[in-house]
Amino acid sequence: MTAQTPQSPQSPGGGLLAATDLHKSYGATPALAGASFVIRAGEVVAVMGPSGSGKSTLLHCLAGIVQPDSGGIHYAGRDLALLSDAERSALRRTDFGFVFQFGQLVPELTCAENVALPLRLIGTPRREAEATAAEWLARLEVADVRHHRPGQISGGQGQRVAVARALVNNPRVLFADEPTGALDSLNGERVMELLVAAARDTGTAVVLVTHESRVAAYSDREVVVRDGRARDMAGAV
Amino acid sequence: MSTLRVWARDLGMGARFALAGGRSGWARTALTAVGVALGVVVLALAASVPSALEARAQRVEAREPVWAMDDSGPGPDTFLTAGGATEYRGEEIGGLVLQPEAGAATTAAPPPGLDAFPGPGEMVVSPALAELLDSADGRLLAERLDHERVGVIGDDGLDGPGDLYYYLGSDALAGEASRATGFGNPTFGEPLTAAMALLVLVICVGLLMPVAVFIGTAARFGGERRDRRLAALRLVGADMAMTRRIAAGESLAGSLLGLLLGVPLFLAARQYLGTLRVADLSAYPGDIVPEAGLILLVLLVVPAAALTVTLFALRGVTVEPLGVVRHAEGRPRRLVWRVVPLLLGLLLLVPLTFRFVDADDATLTQAGVGIVLLLTGATVVLPWLVERLVGALRGGPLSWQLASPGGSSWAVARRPAPSAASPSRWRRPPPSTCSSPGSAPWRPPTPARTRAATRYRSSAWTPRERRAPGPSATWRACRASSPPWGRSGARPPASPTSRPPR
C-alpha cells in the first residue's frame, strides 16, 4: 500500500478529473446548471451545499454513474461521455472507489469478502484478494469483524469496511457521498480520520460530498454547490 | 483471465449469493429448487412413458400363447387354451384356462411367472387378484372363481402390479379350445392408443405449465434484495454482462439443487405410481425408466428454462450502480403478441377435433404444440384481460386500481382523504407535501367524502392522469412547485431505486 504518483495524462484544466459546464435535469427540475469542477491527484476536495443543491448529482456525474445532459467530464485525459458502459465499469473497478452514506455493502458476503470483491472482479486470485482485504480491514481497525456479515456490525464499522473496500484497489479517485451522514459524531470523525489518512497514504484523490463543516475540515479545498452551480471557495473554479 | 474462468467466477459468485442470501435468498433458492425438481419429476415421468409402455407391451406379449399353426395334432409340448377373461364391477379380469395335452408329463414351457402348469381345478392368481378375492369387495368374484388357489403369478407374468389375472388348470378342454405350443406371441403387443397418447401429453403439459409459472414466481421472489445486491456489484465495477452472469449463477444454483432434489423425488414418485391403477393400467417401478436421450434433454432443458426465466425477469430492467430502474412500469400491456400463441394453439388443435384418429408422430406433435401454445396464450392473455376489465370498471377496491394500466403509481400516489373509521391512518399533510396534480386539497373528513374517497371515484381519474401516470411525472411536478431549499415534502411513492439522485 504505497503512495501512488500518477503520471497519466491530465484532464483539461490540469486536474486528474475535471468537469466543465455540467447541466443535468430530472424532468423539469434542474439539478446541475453549469457546474464545473476539478480535482488533482492526491487532493481531498469537499463538495458542500445544502440538501437538494446538486452535490450528489455532481459526484455521480464525475464518477460516470450519471450521464450529464451537457458539459464535459474528463478523467486522465479521457472523455467519460465517450466511454461505453463496460469501459466506465472498468474505471469503477480499477480507478474509482466509492463510499456512500450507507455502505452499499453486499449483505450476503462477509466483510472480508466485501473488501475483496473489487479485487476479485479484476481477476485477483481469491487467496491474494483475501490477504489484501485483511490488511485493509486491519488498517481501518475492523479486522475483528472480517468474518461478520454487514448486518451483524455497527454503522461505524460498516462505513470503515466500505472505506476499506473503496481503497483496496488503490483507486486514483475516491468518491465519498456523505460518508458519515449516518454516524454519530465520534464514529464519524474516526471514519473520516481513517479515510483521509488512507487516501493520503495511497495518493488517492477524494471527492467528499458533505453538508457538515466538521467533515469538510478534513479536505484541502472546498467547493460549494448552490442552485446547480459549483463555486470553489479558494477561487480555483 | 480466460473467458471460461470469468464465467466460472461470476456464476460461482451468483451461486454463493443464492446459498448465502439470507432468509429471502434461501427461500428463493429453495422455491426455485422445488419448482425445478417438480419440473424434472414431471418431465422424467413423461420421458418414462415410452419405456413403461414398451415394458408393458413386452409383458403382455410374453404371456400370450403361441398358437400351433399347422394341424400336427397333440404333442408332448402342446397345450390347449381357452379364454377366461371376465369383468367384475367394471374391472377387467384377465384369465387363461390351460390344459397340457401330455398331462403331467408335458414338456411345454409354463406361462411366464409360473413354475409349472396348474393342475386341473387349480388356479394361480396375480397378487392384485388375490387381494381382491380375499377382500369383502371381491366376495362375489370369489364365488365365480371358486377354484383351489395354489400360487401367485410372479412379476414376469403380469403387465403391472395392478394386473388382475389368473391361470386355471383344466382337463376338460376340448373342441372350442385352441392348441398352443408355448408363450411369447409378439403380435399381441398393445400399441399406444391415440387416446392414451393424448392423455399422457395433456397430463404432462398440464402439469408443466404451473411448474413453469412456479419457477417464474420463485425467480422473482426476493427480487428487491437481489436488485440491491446487483446495484452494489455495479458500483464496485461489475458491468452489465457480469451482472447478468451473476444473476444467472444465482438461478443456476437453485436449478442444480432442483435437479439433485428431482432424482429422489422421481424415485419416490415411481414407487408411488407402482401402487396406482388407472384405466386398467399399472406399471412396475422398475419399468418406469426415462429414455436416456430424453432424460439428458430434461437435465439440460430444465435448468436452461429456469435460467431463461431469470434473464427474462431482468428484461426491461437496467441495473445501475445507484439502483435498479424498471422501464416497463406503468406501461399498458399490449395484446398483439399475447394473442398470437393463443390463436396458433387454436389453429393447431381445432383441426384435430375432426380427425384425431391415429397417434402418429405428426398428430401427437401437433396436439402437443397446440396444447402448449393454447395454455401459454391463456397465461399471457389473462393479465391483459384483467387490466382491461378493471380499467373499464373505473373504480373498485385498491387491488383493482393497482391492476389497471399505470394504476399502481396513480393509486398509491393519490392519497385518500382522511377516514372517519381510521382517523390515525391518514393525517393532514403539511403544506409542502406533494400530491398528485389532480388531487383535492385536504379538508376535514366527512362520512360522505370518506366513502367517496375510499371508492376512488372514476371522476377523479382524468384522461390526463391515465396518459401520464408515472411516479416520476408526479414527482417532477412536485419538485418544480417546491422551494429549491429545504424541501421537506414527501415524495409520491415510487421505486426507491428509480429515484433521481440529488
Each residue of B:3-14 has, on average, a number of other protein chain C-beta atoms within 10 Å of its C-beta equal to 1
Put A:88, B:5, A:40 in order of accessible area, largest first, probe 1.4 Å, and you get B:5, A:40, A:88
Probe 1.4 Å - accessible area at residue B:143, Å² to nearest ten
110 Å²
Inter-centroid distance (Cα atoms) of segment B:117-137 relative to segment A:95-173, Å:
76 Å
Longest to shortest principal axis, alpha-carbon extents of segment B:15-124, angstrom
79, 31, 23
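What's the average, rounded to a whole number, of partner chain beta-carbon atoms within 10 Å of each residue's beta-carbon in B:235-247?
6
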Between residue B:268 and residue B:152, what FRET efficiency comes out of the Förster formula 1/(1 + (r/R0)^6) with R0 = 30 Å and r the beta carbon distance, rounded to 0.05?
0.70
Per 5 Å bin, what percent of the C-alpha pairs of segment B:60-127 does each bin hold, from zero upward?
3, 14, 25, 26, 17, 9, 4, 2, 0
By average C-beta atoms within 10 angstrom, highest first, the peptides B:176-183, B:256-263
B:256-263, B:176-183
Please give the solvent-accessible surface of residue B:91 in Å², to the nearest 10, using a probe radius of 1.4 Å with every protein chain present.
70 Å²
Regarding segment B:20-69, what is the average projected area of its C-alpha convex hull, in nm²?
4.5 nm²
In nm, to one decimal, how far is the modelled label at residue B:4 from the one at residue B:389, with both set 7 Å along Cα→Cβ?
5.3 nm
Between residue B:313 and residue A:131, the FRET efficiency computed from the C-beta separation at R0 = 41 Å comes out, to the nearest 0.05, as 0.65
Quick P(r) readout (segment A:17-231; Cα-Cα; 5 Å bins; whole %) gives 1, 8, 16, 19, 20, 16, 11, 6, 2, 0, 0
Full extension between residue B:241 and residue B:399 adds, at 0.36 nm per residue less the Cα distance, a length in nm of 53.2 nm
Segment A:37-72 scanned against label point 7 Å out from residue A:102 along Cα→C-beta; backbone N under 16 Å for none
Would you kindly find the accessible area of residue A:211, with a 1.4 Å probe and non-protein molecules such as ligands, DNA and RNA excluded, rounding to the nearest 10 Å²?
100 Å²
Compute the separation of the alpha-carbon centres of segment B:3-48 and segment A:28-89 and state it in Å as a whole number.
40 Å
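The values are calculated or read from the model by the stated rules, or taken from the named source; none is laboratory data. Values in this document were obtained by computation on a predicted structure and should not be read as measured data. Every residue, glycine among them, receives a Cβ derived from its backbone with ideal geometry; neighbour counts consider all protein chains shown. Side chains included, ligands, DNA and RNA excluded: accessible areas come from the protein's heavy atoms. Shrake-Rupley method; radii C 1.70, N 1.55, O 1.52, S 1.80 Å.
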